[in-house]
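Comments concern the structure below.
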């Protein structure tokens, strides 16, 4: 079975752990969001790709959900002694080696997809991990800022998300460079050849939304023979984790499982899983022609997540007929 | 008193500790060798500048003489896991932060002299540390290699020195890029304004020799009003430390205190200090018109090194008259 997953960071990575456990023999291609990539201290950091790679490769900090287990911070401490900026993003020593290897390869002219494959040779994630694009796309957020001349300013997503903890009101989300981005080699082929396409409980705006916004990707998903099934990242009107409500509000979408499904729409989704607490509110999803089921969606363990993945695959099988 | 010192790594740095102790109020400008600079893992490493900066700034590993005290190697271990090359050069975590800051500034378009000054803001070495040039000069070594088609091959100095521990026979030393290198801002002015110019017991070929080979530097030293005094890095026919004999042999100079003095020559040197064990062999130096004294030259402590520096300054005072 060929499964394609459009994944962001923590939510996508944890879902993939469950999916891999549910269908050990499956051929899984992960199309990873690179819109939150950022250059820090001259090093290219790809938080979402790395979270997927570390999680599936056994190197992730398990409680935190991002970064490396047993991490050290000697280099960070030294960078602080030099007054190096920014100080709102911490790179651990183990994690740093990944960015050093990546940056060296990128500077040598290798595309990000080749670099990612090289890094995965170490981690053996058991999936094919593709960046959505080899071209640089960086998500920026227009935030309210009373001190700015225009009353707002545009900052990198990481500065908004990590630096400012998503506190300022987000007015607009812009994926800078996306108009000219091409899908990375293998992305469109994987979508076309898929037996199932899954949207895991990743951020619908700055993760799955950014991947879909790469010219050609949304069209490929819509044209794919495979059924497309999504899992709601919103449970009971709140993001399972993270601050997805902030960026949903910025694009005028309510923070509900139903609103997110309708935002994707029937043109993309064949099936949609909501949590059991949202079962009664899902009627508009069905009314839109999207098959909708309610199952427990808390990824509290790999086993619980595997059950979610199985439910998604069963739903895909149903909508296919 | 304005003192200019042409310094390599460990020998130069340890001498400077003694010089600073001997004349606490002096205005010391260090012109540092950058010929052994190397790009490793995409990061620009300046071993000699850093050794001077760390030594005078109190961050050096005291026994080792290079690298940081209380160093950690988490990033190195991770780079090995990725199979990153080269594996013969180890960068510690603390040291790495210096290279990250430097590389970021260089990529942003700052010249090495500005970068070095910025790094020194943290370390406060108590001297003005100038790279010999803002232009890239890299010392390469032509080594005997029976496996190579020509019977020899050209490798970076660090690969020869650190990677191969200077074991292969060195046939030739080439400072790649030096023809087009310009002295860094401040270098020629410092030499012209100096009251004393010192050659510390640094490597006469790949440290002091490379600095002097930057077009304009040797000429400026020869034209300077200040007396020029050197301290022999060779004691009893052997380098005080390191493998200077290997590169001296490559340029056809014997590994003796006298041969090194005659290699610099009367055109550069007004005075020369040899160790007491070499006192009786120094007649050819005097015959060449270079004032020569024998004093203990083992830098066994800062106090002993300060006495060497005082002897050098006294000799400079004598030859001035």
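The values are calculated or read from the model by the stated rules, or taken from the named source; none is laboratory data. Bear in mind the structure is a predicted one, so any value in this text is a computation, not a measurement. Heads up, the Cβs are rebuilt from the backbone with ideal geometry, glycines too, and the neighbour counts pull from every protein chain shown.
Sort through B:150, B:166 and tell me the only one that's more than 14 Å from every other protein chain (Cβ to nearest Cβ), surrounded by fewer than 17 Cβ atoms within 10 Å (Cβ to Cβ) and part of a loop (DSSP other than H, G, I, E, B). Can you show your working first?
Numbers: B:166 fails: surrounded by fewer than 17 Cβ atoms within 10 Å (Cβ to Cβ).
Every option except B:150 fails the conditions.
So residue A:125 ticks every box in (1) part of a strand (DSSP E or B); (2) over 20 Å from residue A:183 (Cα atoms); (3) within 18 Å of the chain's Cα centre (by Cα) but one. Which box is left unticked?
With respect to (1) part of a strand (DSSP E or B); (2) over 20 Å from residue A:183 (Cα atoms); (3) within 18 Å of the chain's Cα centre (by Cα), residue A:125 is out only on (1).
Counting only residues that are assigned to a helix (DSSP H, G or I) and touching a strand residue (DSSP E or B) at 6+ places or on another chain (Cβ under 7 Å), which one in the range A:21-50 is nearest to the other protein chains (Cβ to nearest Cβ)?
First, the residues of the range A:21-50 that are assigned to a helix (DSSP H, G or I): A:21-22, A:47-50.
From what is left, the residues that are touching a strand residue (DSSP E or B) at 6+ places or on another chain (Cβ under 7 Å) are A:48-49.
On the way: A:48: 19, A:49: 15 Å.
Across the range A:21-50, the extreme among qualifying residues is A:49.
Within the range B:79-89, can one find any residue that is touching a residue at least 24 places away in the same chain (Cβ under 8 Å), within 30 Å of residue B:19 (Cα to Cα) and either crowded, with 16+ Cβ neighbours inside 10 Å or facing another protein chain (nearest Cβ under 8 Å) (or both)?
The first filter runs over the range B:79-89 and keeps only residues touching a residue at least 24 places away in the same chain (Cβ under 8 Å), leaving B:79, B:84, B:86, B:88-89.
From what is left, the residues that are within 30 Å of residue B:19 (Cα to Cα) are none.
No, the range B:79-89 has no match at all.
May I ask you to list pairs of residues, at least six apart or on different chains, whose Cβ atoms are under 9 Å apart, with the first in the range A:216-229 being at positive phi and the second being surrounded by fewer than 16 Cβ atoms within 10 Å (Cβ to Cβ)?
A:216/A:182
From the list A:45, A:75, A:23, which one is surrounded by 20 or more Cβ atoms within 10 Å (Cβ to Cβ) and within 27 Å of residue A:184 (Cβ to Cβ)? Break it down stepwise before answering.
Numbers: A:75 fails: within 27 Å of residue A:184 (Cβ to Cβ); A:23 fails: surrounded by 20 or more Cβ atoms within 10 Å (Cβ to Cβ).
Exactly one residue qualifies, and that residue is A:45.
Assuming residue A:130 fulfils every condition listed in (1) within 14 Å of chain B (Cβ to nearest Cβ); (2) crowded, with 23+ Cβ neighbours inside 10 Å; (3) touching a residue at least 40 places away in the same chain (Cβ under 8 Å) apart from one, which condition is it?
Here residue A:130 clears every test but (1).
Mind listing whichever residues of the range A:105-119 are assigned to a loop (DSSP other than H, G, I, E, B) and either crowded, with 22+ Cβ neighbours inside 10 Å or in contact with a helix residue (DSSP H, G or I) (Cβ under 8 Å, 6 or more places away or on another chain) (or both)? Spell out how you get there, then give the answer.
So in the range A:105-119, the residues assigned to a loop (DSSP other than H, G, I, E, B) come out as A:108-111.
Within the range A:105-119, just A:110 meets the criteria.
Can you work out which of the residues in the range A:59-68 that are in contact (Cβ under 8 Å) with a residue 24 or more places away in the chain and more than 10 Å from chain B (Cβ to nearest Cβ) is nearest to residue B:43 (Cα to Cα)?
Going through the qualifying residues, I end up with A:67.
Give B:285, B:277 a once-over and let me know the one that is part of a helix (DSSP H, G or I), within 27 Å of residue B:219 (Cα to Cα), modelled with pLDDT of 95 or more and in contact with a strand residue (DSSP E or B) (Cβ under 9 Å, 6 or more places away or on another chain).
Values: B:277 fails: within 27 Å of residue B:219 (Cα to Cα).
One residue alone meets the criteria, B:285.
From the list B:102, B:72, B:76, B:122, which residue is within 25 Å of residue A:97 (Cβ to Cβ), in contact with a helix residue (DSSP H, G or I) (Cβ under 9 Å, 6 or more places away or on another chain) and touching a residue at least 60 places away in the same chain (Cβ under 8 Å)?
Working: B:102 fails: touching a residue at least 60 places away in the same chain (Cβ under 8 Å); B:72 fails: touching a residue at least 60 places away in the same chain (Cβ under 8 Å); B:76 fails: touching a residue at least 60 places away in the same chain (Cβ under 8 Å).
Within the list B:102, B:72, B:76, B:122, the selection yields B:122.
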